[in-house]
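**Student:** Take a look at the following structure, please.
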Amino acid sequence: MSLEKQSAARAAVEEVKEGMLVGLGTGSTAAYAISFLGEKVRNGLNITAIPTSEASKQQAEAEGILLTDFEHTIRIDLCIDGADEIDSELNMIKGGGGALLREKIVAASAKRYLIIIDSSKQVETLGAFPLPVEVIPFGWQVVLGKLEGMNARPELRKSGGQPFVTDEGNYIIDCSFKSILEPAQLETDLNRIPGVVENGLFTGMCDRMIMGMGDQIFSKERR
Ligand code: 5RP
């Protein structure tokens, strides 16, 4: 799988051109893209980037990529990120790494949103991968109760026996819907629960998916 991730990442960075402002995703596939971008920067490419997590920020700094933030600009040319699941309409589940909130904000400000995956991420119907829902710590138990009422089999994400805390200081509740037949509707419904900050359904956002499959690359543009 790691070779598939690498080949997708390599193909994606080919879209990065001189002077662009680039959104940097989070996760192992995005990390390959950051590393390949670092190579290009050291070979003379001038770009500026906004990372979607503290982890990606640290990696990009180590690669020598010039970073900026939304105090200076709100229009990203191209955002490159991974996904946990993607369907044939290019709807996705993201947030396995817990960075979904910043990822969605950065993606929403991008002119073009490129998703890079290995072949295990392509699914017919979203939902086998637990859907992350980011909630503020106050009253997370109330949100969990609402999610139970939606048959989500919700579980608070833990790390070292403690609640996992996102870069924005929130908690994550992972939801096993098993099969999500109306992802756009569910994305909206979840965000209407008081205490929910954002959820990991990204519908109607991806412009192009690049998938590594064996030693091939498969690409699909949004219709
Ligand atoms: C992190 C994400 C990642 O993009 C997603 O989890 C995919 O990760 P990987 O490339 O390691 O499989 O949404 O919040």
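None of the figures in this text is laboratory data; all of them are computed from the coordinates on show. Quick caveat, the model's predicted, so the values are computed rather than measured. Heads up, the Cβs are rebuilt from the backbone with ideal geometry, glycines too, and the neighbour counts pull from every protein chain shown.
**Student:** Debye sum, Cα scatterers, the chain, no solvent: what log₁₀ I/I(0) at q = 0.09, 0.11, 0.16 1/Å?
**Tutor:** For the chain at q = 0.09, 0.11, 0.16 Å⁻¹, log10 I(q)/I(0) is -0.35, -0.52, -1.07.
**Student:** Rounded to the nearest 20 Debye, what is the dipole magnitude of the range 131-198 about its Cα centre when Lys and Arg each give +1 and Asp and Glu each give -1 at the C-beta?
**Tutor:** My answer is approximately 260 debye.
**Student:** Turning to a different aspect of this structure: So if each residue of separation counts as 0.36 nm, and I subtract the Cα-Cα distance between Gln58 and Glu124, what length gain in nm does that give?
**Tutor:** Length gained between Gln58 and Glu124: 20.3 nm.
**Student:** Hey, what do the phi angles of the range 84-98 turn into as Karplus ³J(HN,Hα) couplings, whole Hz, using 6.51/-1.76/1.60 and θ = phi - 60°, x for Gly and Pro?
**Tutor:** Rounded to whole hertz, the list is 8, 8, 9, 9, 5, 8, 6, 7, 9, 10, 10, x, x, x, x.
**Student:** Run the quick spin-label model on Ala184 and Arg75: label points 7 Å from Cα toward the beta carbon, then report their separation in nm to one decimal.
**Tutor:** 2.6 nm
**Student:** Using the 2.2 N^0.38 Å rule of thumb for compact globular proteins, work out how the range 106-223 stacks up: its C-alpha Rg over that value, please. Spell out each step's value before the answer.
**Tutor:** Details: Rg = 15.8 Å, N = 118, 2.2 N^0.38 = 13.5 Å.
Taking N as the residue count of the range 106-223, the ratio is 1.17.
**Student:** Can you give the Rg/Rh ratio of the range 44-140, where Rg is from the C-alpha atoms and Rh is the Kirkwood radius?
**Tutor:** Reported Rg/Rh, Kirkwood definition of Rh: 1.00.
**Student:** Same structure again: Counting other beta carbons within 10 Å of each Cβ, put Glu39, Glu124 in order, fewest first.
**Tutor:** Glu124, Glu39
**Student:** Could you tell me how many degrees, from 0 to 90 and to the nearest 10, lie between the Cα long axis of helix 2-13 and the main elongation axis, the longest principal axis, of the Cα atoms of the chain?
**Tutor:** Rounded to the nearest ten degrees, it is 60.
**Student:** Give me Ile180, Ile172 ranked fewest to most by other Cβ atoms within 10 Å of their Cβ, as a rough exposure proxy.
**Tutor:** Ordered from fewest to most neighbouring Cβ atoms within 10 Å, Ile180, Ile172 come out as Ile180, Ile172.
**Student:** May I ask for the angle, rounded to the nearest 10°, between helix 28-42 and the longest principal axis of the chain, with both axes built from Cα atoms and the value confined to 0 to 90°?
**Tutor:** Long axis of 28-42 versus the principal axis of the chain: about 20 degrees.
**Student:** Sticking with this structure for a sec: Sort the range 131-198 into rounded, prolate or oblate with this rule: let a ≥ b ≥ c be the square roots of the eigenvalues of the Cα gyration tensor; rounded if a/c is under 1.5, and if a/c is not under 1.5, prolate when a/b is larger than b/c, oblate otherwise.
**Tutor:** Taking the square roots of the gyration eigenvalues as a ≥ b ≥ c, the range 131-198 is prolate.
**Student:** I would also like to ask the following. Can you compute the label reach from Asn151? Point 7 Å from Cα along the Cβ direction, backbone N cut-off under 15 Å, restricted to the range 180-219.
**Tutor:** Those under the cut-off are 180-183, 186.
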